[in-house]
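Working notes, beginning with the structure itself.
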Amino acid sequence: MLIRRSRTSNDNCILEAGSIHRYTYKFRGVGLGCQPKGFLDWQNIAGYKYEVITYDRELTEEEISEYELLKIIHNKPAY
């Protein structure tokens, strides 16, 4: 299921811990073909330059590299 919605929030998504994986962009924001398919949600969150995208699976290293994403760990991008 693909849900596309935009919201501004300073809060985290309210989902079960461990069931979501969040990523942000290095160089651009959400756009057609700019992220792997199958994301659940994207948000504008204070403190992040670009949107945060949410998946119900962990992306592969290849996907992270190909789409130039950063995995968010403990609410901070992992550089």
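No lab work stands behind these numbers, since they all come straight from the coordinates. All values derive from a computational prediction rather than experimental measurement. Note: ideal-geometry Cβ built from the backbone for every residue, glycine included; neighbour counts use all protein chains shown.
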Matching residues, segment 31-76, being touching a strand residue (DSSP E or B) at 6+ places or on another chain (Cβ under 6 Å), over 15 Å from ILE20 (Cα atoms) and not polar (S, T, N, Q)
ILE45, TYR48, TYR50, GLU51, LEU69
Going through segment 40-76 in order, the residues found to be among the basic types (Lys, Arg), assigned to a loop (DSSP other than H, G, I, E, B) and within 12 Å of THR24 (Cβ to Cβ) are LYS49
Would you point out the residue of segment 21-60, among those that are of a type in the set (Gly, Ala, Ser) and under 19 Å from HIS74 (Cβ atoms), that is surrounded by the most Cβ atoms within 10 Å (Cβ to Cβ)?
GLY47
